[in-house]
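A quick write-up on the structure given underneath.
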Amino acid sequence: MRKLVHWAAVLGGFLFSWSVLAQSATPMRLIVPFPPGGGSDLFARLVAPGLSDILKQTVIVENKPGAGGSIGADMVAKSTPDGRTLLVSDSAAYSISPSLYPKLPYSAKDLVPVADVARFANVLLVPTNSPYSTFDDLLKAARKSPGKLSIASAGNGSSPHLTAEKFQREAGISLVHVAYKGSGPAITDTIGGQVDMVFSGLPSVTELLKSGRLRAIAIASAQRSPFAPEVPTMSEAGVPGFESLISQGLFAPAGTPAPTVARINAAINQIMNSKELAVRLQQLRVEPHTLSAAEYEAWLNAQSTSWSRLIKEAGIVID
């Protein structure tokens with residue numbers, strides 16, 4: 001009898017959270033902590049129409065950029081935990097920023113992972129006319145002349161920067177880090193040969209690879225990407241076990257009811273696996289990841305532990 005009462009309560013909570021989401025006139029807000037046009041903004045606008053259809057309510061995307069994404073993330077962290085205000089962001093907001101920024105106005109425990117929208121790997125790029133035609137060529141040159149080769153990044157504390165630090169430590173090499181204000185300038189100078197290499201998420205450089213303006217010599221994933229099968233993984237090319245993945249995800253304020261999180265997670269997974277989105281994802285060179293909220297949180301916590309250790313060991317602090 002007690003079990004029956006327990007499950008009735010659980011079901012009742014689920015139905016209540018669903019009815020509140022579906023019936024209220026208040027729109028759901030997807031907060032993007034970066035300017036329009038970036039990856040987080042793109043994925044927010046990809047899922048918004050589907051969420052609106054499934055949840056039977058208005059869904060709007062709001063850009064709240066500033067302070068490396070912390071303004072928008074903090075806004076969501078301090079919102080009412082009713083499932084109506086969600087963060088759509090690079091998972092660094094949860095897994096990296098709390099360790100990187102000592103004055104961050106929120107912490108990871110203030111956010112609840114809801115859904116892993118898409119995940120892709122960083123890829124190591126060199127100029128087309130680089131003397132290093134393979135990853136092995138580059139490794140040999142870097143080990144022969146420590147501190148000679150340069151690596152660009154999108155800025156101190158960015159995913160390409162942390163990936164570069166991880167690369168140096170695990171490969172036993174020393175590179176000159178050149179920080180830029182954004183990935184655009186970093187990639188442009190790599191194309192021009194002002195720097196020797198750069199890490200970037202594969203989707204953002206697909207067209208540059210196709211046009212021959214850059215050459216990918218290794219990808220930081222466990223398996224080769226189906227969108228660039230000719231590019232070896234860093235693990236098989238000489239740095240065993242090396243991974244550096246970027247995730248775009250949805251996050252809710254801490255305290256959001258579990259049934260509400262589960263309902264939104266199911267809706268996102270349905271959207272990302274839909275036939276309507278398949279062609280667009282293929283164009284973006286992105287594979288959807290449809291995890292439960294608990295699975296996504298477990299993966300993010302493992303990422304947080306790994307990046308936190310690297311940040312401390314390398315002494316990286318961003319004010």
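Name the residue that is most open to solvent (accessible area, probe 1.4 Å), counting only residues in segment 35-91 that are among the charged types (D, E, K, R) and farther than 21 Å from residue 254 by Cα.
Keep residues of segment 35-91 that are among the charged types (D, E, K, R), which gives 41, 45, 53, 56, 62, 64, 74, 78, 82, 84, 90.
Right, trim to farther than 21 Å from residue 254 by Cα and you get 41, 45, 53, 56.
Numbers: 41: 11, 45: 113, 53: 101, 56: 143 Å².
Among those residues, the one meeting the criterion is 56.
Of all the listed residues (221, 274, 225), the sole one being of a type in the set (Ser, Thr, Tyr), modelled with pLDDT of 90 or more and over 18 Å from the mean Cα position of the chain (by Cα) is 274.
Quick grid of which residues meet (1) of a type outside the set (Val, Ile, Thr); (2) outside any strand (DSSP E or B):
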| residue | (1), (2) |
| --- | --- |
| 88 | no, no |
| 98 | yes, yes |
| 102 | yes, yes |
| 113 | yes, no |
| 126 | no, no |
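Scanning segment 229-288 for residues that are in a loop (DSSP other than H, G, I, E, B) and small (Gly, Ala, Ser) gives 238, 241, 244, 254, 255, 274.
Within the option set 149, 139, being closer than 20 Å to residue 233 by Cα, more than 17 Å from the chain's Cα centre (by Cα) and aliphatic (A, V, I, L, M) holds for one residue only, 139.
On the stretch given as segment 17-42, residues that are at pLDDT 80 or above and in a loop (DSSP other than H, G, I, E, B) total 8. Residues that are in contact (Cβ under 8 Å) with a residue 24 or more places away in the chain and under 30 Å from residue 282 (Cα atoms) were ranked within segment 171-184; the one that is surrounded by the fewest Cβ atoms within 10 Å (Cβ to Cβ) is 181.
Can you say whether residue 250 is under 30 Å from residue 216 (Cβ atoms) and modelled with pLDDT of 95 or more, as far as the supplied structure shows? Walk me through it before giving the result.
On the way: under 30 Å from residue 216 (Cβ atoms): yes; modelled with pLDDT of 95 or more: yes.
Yes, satisfied.
The values are calculated or read from the model by the stated rules, or taken from the named source; none is laboratory data. Bear in mind that the values here come from a model prediction, so they are computed numbers and not experimental data. Counting neighbours? That spans all protein chains shown, and the Cβs are built from the backbone with ideal geometry, glycine included. We work out accessible area using only protein heavy atoms, side chains counted, and drop any ligands, DNA or RNA first. Shrake-Rupley method; radii C 1.70, N 1.55, O 1.52, S 1.80 Å.
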